[in-house]
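Heads up: the structure comes next, in structure tokens.
The values are calculated or read from the model by the stated rules, or taken from the named source; none is laboratory data. Keep in mind that this is a model prediction, so the values were computed, not measured. Don't worry about glycine lacking a Cβ; one is built from the backbone with ideal geometry, like all the others, and counts go over all protein chains shown. The area values use the complete protein model at the heavy-atom level, side chains included, leaving out ligands, DNA and RNA. Shrake-Rupley method; radii C 1.70, N 1.55, O 1.52, S 1.80 Å.
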Amino acid sequence: MRLDGRQTYDYRTIKVTFGTDYGCCFVDLGKTRVMAQVSCEIVAPKESRPNEGIVFFNIELSPMASPTFEQGRQSELSVKLNRQLERCLRNSKCIDTESLCVVSGEKVWQIRVDVHVLNHDGNLMDASSIAAITALCHFRRPDVSTQGDEITVYSPEERDPIPLSVYHMPICVSFSFFQQGTYLLVDPCEREERVMDGLLMIAMNKHREICSIQSSGGIMLLKEQVMRCSKIASVKVSEITELVGKALENDRKARKAGEKCGFAESLPQERITALKTDKTPVEAMDVTEKVDDIIQKAEVPPLSVPSPSLPVPGVGQVGQNTWGLDEEEEEEEEGEEDRDSSGEEEEKGTKTQKEKDKGSQTADLIIIDEVVELSDSEEEEVVILHPDT
Amino acid sequence: MEACSISNLKLREFGCEQSLLSRPDGSASFIQGDTSVCAGVYGPAEVKVSKEIYDRATLEVLIQPKVGLAGVRERSQEQCVRETCEASLLLSLHPRSSLTLVLQVIHDDGSLLSCFLNAACMALMDAGLPMSCLFCGVTCAISADGQIVTDPTAAQEKESRALMTFAIDSTERNILMSSTKGSFSVHELQQCIVVSQKASEKMFQFYRDSVKRRYSKYL
């Protein structure tokens, strides 16, 4: 007898709901809550497979789901879940990627599946795999037509979007083992997961084909145990597939009949913690009087803006410019420069200054026509070098 | 661009559910029309030494978009929500603790920032954190022909000339935070502020109704 009263092979209640747009689905596995969203984009294909589209999976362990999940996503659990989802869905070739090709070698559809874990109460893998495959079955991609070199992507209003071609629906079933394989539990909840010895995940579809098996935790299982688990998994998978099929069917009928679908509609009305209101008008009777009142009472902002120029210690021009300069030198870096247009000459002056600074690398003094001291050298005496002409 | 015409101001239907997630200390989902957001709060909890403040709680806000990773837009929205929450939470009652608020976009059909604010307030209430006032978010859009639209949809937002979101407090209807985009005159700004204050009354009445329903003995 388990903590929540289930038997060994019992799954928690599974609820599948859909969002407003195609490709958005929520799965509740007991209290574990997961949301999946599918989106698509046209990109260049991989070089090794120019005829096939790309499917990309991503499981986000939201910090909302558990206090132990943090924002930086490289935790071990996150890597494990991502890898398992990829193996389950990509390696089993459940999506026909060749139908995602638009122009061979140049443009293909990239389908992106984002799974967000909203509440972690155990068995994230099962919930994520159900959400991902359901969202892929629910998703519709825009219609595309090619005319020579041009590709036209039609918006949903112009032409109906097309569903993806899904060959089969692999679903993960998790088994947890306790006391060196003596006890076995299906669909562990979070507390059971914390104390289990090992976990066995079997991904299977309703045709009794195993898509992937993963055993972790270092427990040693006998052949009979693994066979038994796979038999249990096939029963569970067929039940879950039926449930998902029914949910997809209901949603399709509702959309066809033009009912409003989405998260808003699935807000449970009979719950005491939920409340919904209809469109409410806002009274705007005395708005204009109030506004005029406020504006009159407010202070008038100063109309003149202080000039942006700053007083600067003199950056005067130094004598005649004897250097042949190109005008498109680097712009002044000092922030203390006067930016008015009247300061152009001064700016040119400082430019020439910097040129001279660069030109004379050895001497601290800068010589032009007159002998002028311009450096902040710490030497007491001024040494005049004879300029080499 | 002086006065805008104001007529037929409406708020879309809204709904809220509290305590829908079992792990967070407080959680709420808020729906405005088709825009829907889920919020979860953890706290007061232990804080990392690098982030602790000696006399107040450290509030951290995380916004998760639906597709892809969080970027600069989410960071600026987080900043807006965080400043509003810090203004209304009594942080000095929990020094050296951390409060984490996580917001997940479920569907975006316009007025997203105000939906974040509303969901945040309901989640903080659900978690039982001490607050000096409640706050709500209202979005106003000024359309190209000068009409003020409250609670715009994504299509209305796209065609608007200016978009403003205000966070309004419950005690004196003051503005806690404002985030604007687009060009508008001072007169228009004041009009939108007054309109938002009127709309916030409906929101606060809704908060009151949903909490009353929650703690009532009969449905």
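Which is at negative phi and modelled with pLDDT under 90, of B:Asp145, B:Asp169?
Within the list B:Asp145, B:Asp169, the selection yields B:Asp145.
With the condition kept exactly as written, say whether any residue in segment B:26-45 is more than 7 Å from chain A (Cβ to nearest Cβ), among the aliphatic types (A, V, I, L, M) and part of a loop (DSSP other than H, G, I, E, B).
Scanning segment B:26-45 turns up no residue that is more than 7 Å from chain A (Cβ to nearest Cβ), among the aliphatic types (A, V, I, L, M) and part of a loop (DSSP other than H, G, I, E, B).
Do any residues in segment A:88-102 that are open to solvent by less than 20 Å² (accessible area, probe 1.4 Å) have Cβ atoms under 8 Å from those of residues that are among the β-branched types (Val, Ile, Thr) and in a helix (DSSP H, G or I), where the two are at least six apart or on different chains, and which pairs are they?
Qualifying pairs under 8 Å: A:Leu89/A:Ile133; A:Cys94/A:Ile133.
Does segment A:201-211 hold any residues that are surrounded by 17 or more Cβ atoms within 10 Å (Cβ to Cβ) and at pLDDT below 90, and which are they?
Scanning segment A:201-211 gives A:Asn205, A:Lys206, A:Cys211.
Yes/no per residue for (1) open to solvent by less than 10 Å² (accessible area, probe 1.4 Å); (2) part of a strand (DSSP E or B); (3) within 14 Å of chain B (Cβ to nearest Cβ); (4) closer than 26 Å to A:Leu81 by Cα:
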position	(1), (2), (3), (4)
A:His116	yes, yes, yes, yes
A:Gly122	yes, no, yes, yes
A:Asp126	yes, no, no, yes
A:Ile130	yes, no, no, yes
A:Leu136	yes, no, no, yes
A:Glu157	no, no, yes, no
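Go through segment A:181-208 and give me each residue that's touching a residue at least 60 places away in the same chain (Cβ under 8 Å), closer than 21 Å to A:Arg90 by Cβ and not in a strand (DSSP E or B).
A:Asn205, the sole residue that qualifies.
Which of the residues belonging to segment A:37-69 are part of a loop (DSSP other than H, G, I, E, B), more than 30 Å from B:Leu101 (Cα to Cα) and open to solvent by less than 30 Å² (accessible area, probe 1.4 Å)?
Hits for segment A:37-69 are A:Pro45, A:Gly53.
I'd like the full set of residues that are closer than 30 Å to A:Pro142 by Cα and either crowded, with 20+ Cβ neighbours inside 10 Å or not hydrophobic (A, V, I, L, M, F, W, C) (or both), limited to segment A:161-179.
A:Pro161, A:Pro163, A:Leu164, A:Ser165, A:Tyr167, A:His168, A:Met169, A:Pro170, A:Ile171, A:Cys172
Determine which single condition A:Ser78 fails, assuming it passes every other condition in (1) crowded, with 16+ Cβ neighbours inside 10 Å; (2) in contact (Cβ under 8 Å) with a residue 60 or more places away in the chain; (3) of a type in the set (Gly, Ala, Ser).
Checking A:Ser78 against (1) crowded, with 16+ Cβ neighbours inside 10 Å; (2) in contact (Cβ under 8 Å) with a residue 60 or more places away in the chain; (3) of a type in the set (Gly, Ala, Ser), the one that fails is (2).
Hey, among the residues in segment A:180-192 that are under 15 Å from A:Ser215 (Cβ atoms) and either of a type in the set (Ser, Thr, Tyr) or out of contact with any helix residue (DSSP H, G or I) (no Cβ under 7 Å at 6 or more places or on another chain) (or both), which one's most open to solvent (accessible area, probe 1.4 Å)?
That would be A:Gln180.
So that you can scan it fast, the table gives a plain yes or no per residue for (1) away from chain A (no Cβ under 13 Å); (2) surrounded by 22 or more Cβ atoms within 10 Å (Cβ to Cβ); (3) within 24 Å of A:Leu118 (Cα to Cα):
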site	(1), (2), (3)
B:Val81	yes, yes, yes
B:Leu101	no, yes, yes
B:Thr139	no, yes, no
B:Ala144	yes, no, no
B:Glu157	yes, no, no
B:Ala162	yes, no, no
B:Ala167	yes, yes, no
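Of the residues that sit in segment B:172-207 and are among the basic types (Lys, Arg) and more than 9 Å from chain A (Cβ to nearest Cβ), which one is surrounded by the most Cβ atoms within 10 Å (Cβ to Cβ)?
Among those residues, the one meeting the criterion is B:Arg173.
Going residue by residue through segment B:208-216, is there one that turns out to be touching a Leu at 6+ places or on another chain (Cβ under 6 Å) and more than 9 Å from chain A (Cβ to nearest Cβ)?
Within segment B:208-216, none of the residues are touching a Leu at 6+ places or on another chain (Cβ under 6 Å) and more than 9 Å from chain A (Cβ to nearest Cβ).
Report every pair of residues separated by at least 6 positions or lying on different chains whose Cβ atoms are under 7 Å apart, first residue within segment A:36-51 and farther than 30 Å from A:Val16 by Cβ, second part of a loop (DSSP other than H, G, I, E, B) and not polar (S, T, N, Q).
As it stands, the answer is A:Ala44/A:Glu106; A:Pro45/A:Glu52; A:Pro45/A:Gly105; A:Pro50/A:Gly105, since those pairs meet every condition given.
Pull out all pairs, ordered by first then second residue, where Cβ-Cβ is under 6 Å, the residues are six or more apart or on different chains, the first lies in segment B:55-71 and is within 11 Å of chain A (Cβ to nearest Cβ), and the second is crowded, with 17+ Cβ neighbours inside 10 Å and part of a loop (DSSP other than H, G, I, E, B).
Here the result reads B:Leu62/A:Pro63; B:Gln64/A:Ser62, each pair linking segment B:55-71 to a residue that is crowded, with 17+ Cβ neighbours inside 10 Å and part of a loop (DSSP other than H, G, I, E, B).
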